[in-house]
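Asker: What follows is a structure written as structure tokens; I'll ask about it next.
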Amino acid sequence: MEPALHLDVDGTTATIRITNPAKRNAMTPGMWRSLPALLDRCAADPAVRVVVLTGEGDTFCAGADISSLAGGSRDDDPRGLAVAAEEALAAFPKPTLAAVRGHCVGGGCQLATACDLRFAADGAVFGVTPARLGIVYAASSTRRLTELVGPATAKYLLFSAELIGTERALRTGLVDEVWAPDALDGRVAEFASTLASRSLLTQVAAKEFASGAAPGAAPEERTAYWAGQGDAEMAEGRAAFLERRAPRFAWRVPAAPGAVRSALS
């Protein structure tokens with residue numbers, strides 16, 4: 001099986017599957033490069049409400065394909081490509097969820113931390129391992145990891161390159177939920193359906209506020225901007241509550257490429 005990222009859309013959920021089973025789903029330069037384009041497709045598809053990132057088989061991703069670190073052109077340097085893919089994933093406007101089995105290490109952990117949420121199968125292992133290779137972890141990646149797990153755990157992971165299990169990952173906030181391996185897919189599907197039933201406008205605005213996006217704008221201005229976008233959403237939510245029915249939220253991410261990122265800047 002050729003190394004690749006595979007995109008499958010089922011109703012409101014798009015699944016991006018990391019596929020390189022011969023190397024524990026390690027990411028090649030071509031795989032890193034393809035992720036932003038797949039995310040653009042998902043952002044432009046109004047039917048897609050949630051993106052799930054997962055690995056083929058019984059592992060998530062063992063990081064960058066180490067053989068790609070030597071040789072090749074500067075454009076194929078997996079370190080720069082990994083950061084670009086991570087930033088594209090973090091900037092994706094709709095909710096993202098990493099479904100983790102087995103190893104989630106190095107660049108794989110980098111991708112998982114760029115998702116909004118992480119659900120793991122019991123027995124998964126996590127590690128941030130540049131210290132094993134003498135690689136300087138990118139400043140943006142270090143900040144994202146630190147914001148997620150706190151300075152002490154971030155330093156533990158980066159300084160030691162040790163792997164941790166699901167118990168510690170859950171305790172430190174690296175993962176949000178841990179499930180038995182045979183229950184993970186069902187829980188991910190259930191939660192993705194829940195996310196898809198909620199207001200996308202609320203989710204996009206909350207994602208901006210939580211990530212500290214649009215640094216040039218005052219918080220009250222951004223709150224007013226999003227509130228102004230939400231009159232119809234709020235009316236539908238109120239009507240659904242009073243009528244005791246499920247809401248039918250209609251707001252969608254603007255279809256024009258870059259429209260959401262422009263709105264958030």
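Asker: What list of ³J(HN,Hα) values in whole Hz, one per residue of region 101-115 in order, does the Karplus curve 6.51 cos²θ - 1.76 cosθ + 1.60 (θ = phi - 60°) give from phi, with Gly and Pro shown as x?
Answerer: Computed from phi, the couplings for region 101-115 are 10, x, 7, 10, 10, x, x, x, 5, 4, 5, 4, 6, 7, 6 Hz.
Asker: No solvent, one uniform scatterer per C-alpha: report log10 I(q)/I(0) for the chain via the Debye equation at q = 0.12, 0.14, 0.15, 0.16 1/Å, two decimals.
Answerer: -0.74, -0.99, -1.13, -1.26
Asker: Once you place label points 7 Å from the Cα toward the Cβ at Arg245 and Ala180, how far apart are they in nm?
Answerer: 3.9 nm
Asker: A follow-up question, please. Before anything else, pin down the relative contact order of region 1-66: Cα pairs under 8 Å, at least 6 apart, normalised by residue count, whole percent.
Answerer: 42 percent
Asker: Using the Karplus curve 6.51 cos²θ - 1.76 cosθ + 1.60 with θ = phi - 60°, work out ³J(HN,Hα) for each residue of region 34-40 in order, rounded to whole Hz, and write x for Gly and Pro.
Answerer: 7, 5, x, 5, 5, 5, 4
Asker: Report D for region 1-120 in µm² per second (integer): Stokes-Einstein, Kirkwood Rh on Cα pairs, 4 °C, 1.567 mPa s.
Answerer: Approximately 93 µm²/s, per Stokes-Einstein.
Asker: Quick one: putting +1 on the C-beta of Lys and Arg, -1 on the C-beta of Asp and Glu, what dipole do you get for the chain around its Cα centre, in Debye to the nearest 20? Let's see the in-between values first.
Answerer: Working: 27 positive and 30 negative charges, 57 e Å.
Computed about the Cα centre, the dipole is about 280 debye.
Asker: Name the residue from Cys109, Phe209, Gly186 whose Cα lies farthest towards the positive end of the charge dipole of the chain, charges +1 on Cβ of Lys and Arg and -1 on Cβ of Asp and Glu.
Answerer: Phe209
Asker: Could you list which residues have their amide H under 5 Å from that of Gly55, counting only those 5 or more apart in sequence or on another chain, with H placed in the peptide plane?
Answerer: So Gly55 has HN proximity to Ile18, Arg101.
Asker: Shifting gears a bit: List every residue whose amide H lies under 5 Å from the amide H of Val125, counting only residues 5 or more places away in sequence or on a different chain, with H placed 1.01 Å from N in the peptide plane.
Answerer: Gly102, His103, Cys104
Asker: Positive end of the dipole of region 4-195, charges at C-beta (+1 Lys, Arg; -1 Asp, Glu), about the Cα centre: which of Leu163, Val52, His6 has its Cα farthest in that direction?
Answerer: The listed residue farthest towards the positive side: Leu163.
Asker: Sort 156-162, 240-246 for me by packing, meaning the mean count of neighbouring Cβ atoms within 10 Å per residue, highest on top. Don't skip to the end; give the middle numbers.
Answerer: Numbers: 156-162: 16.0, 240-246: 9.1.
Ranked by mean Cβ neighbours within 10 Å, highest first: 156-162, 240-246.
Asker: Test of understanding: express the Cα radius of gyration of region 94-205 as a ratio to 2.2 N^0.38 Å, with N the residue count.
Answerer: 1.10
Asker: Could I ask something else about it? HN-Hα J couplings of region 152-165 from phi, Karplus 6.51/-1.76/1.60, θ = phi - 60°, integer Hz, Gly and Pro as x?
Answerer: 5, 5, 4, 5, 4, 5, 6, 5, 8, 6, 6, 8, 10, x
Asker: Let me ask you something else. Over the chain, what relative contact order in percent results from Cα pairs under 8 Å that are six or more residues apart?
Answerer: Here the relative contact order equals 16 percent.
Asker: Moving to a separate point now. Which order do peptides 23-29, 176-182 fall in by mean Cβ count within 10 Å, highest first?
Answerer: Averaged packing, sorted descending, gives the order 23-29, 176-182.
No value in this document is a laboratory result; all are computed from the given coordinates. Nothing here was measured: the structure is a model prediction, and the numbers come from that model. With ideal geometry, Cβ positions are generated from the backbone for all residues, glycine too; neighbour counts draw on all protein chains shown.
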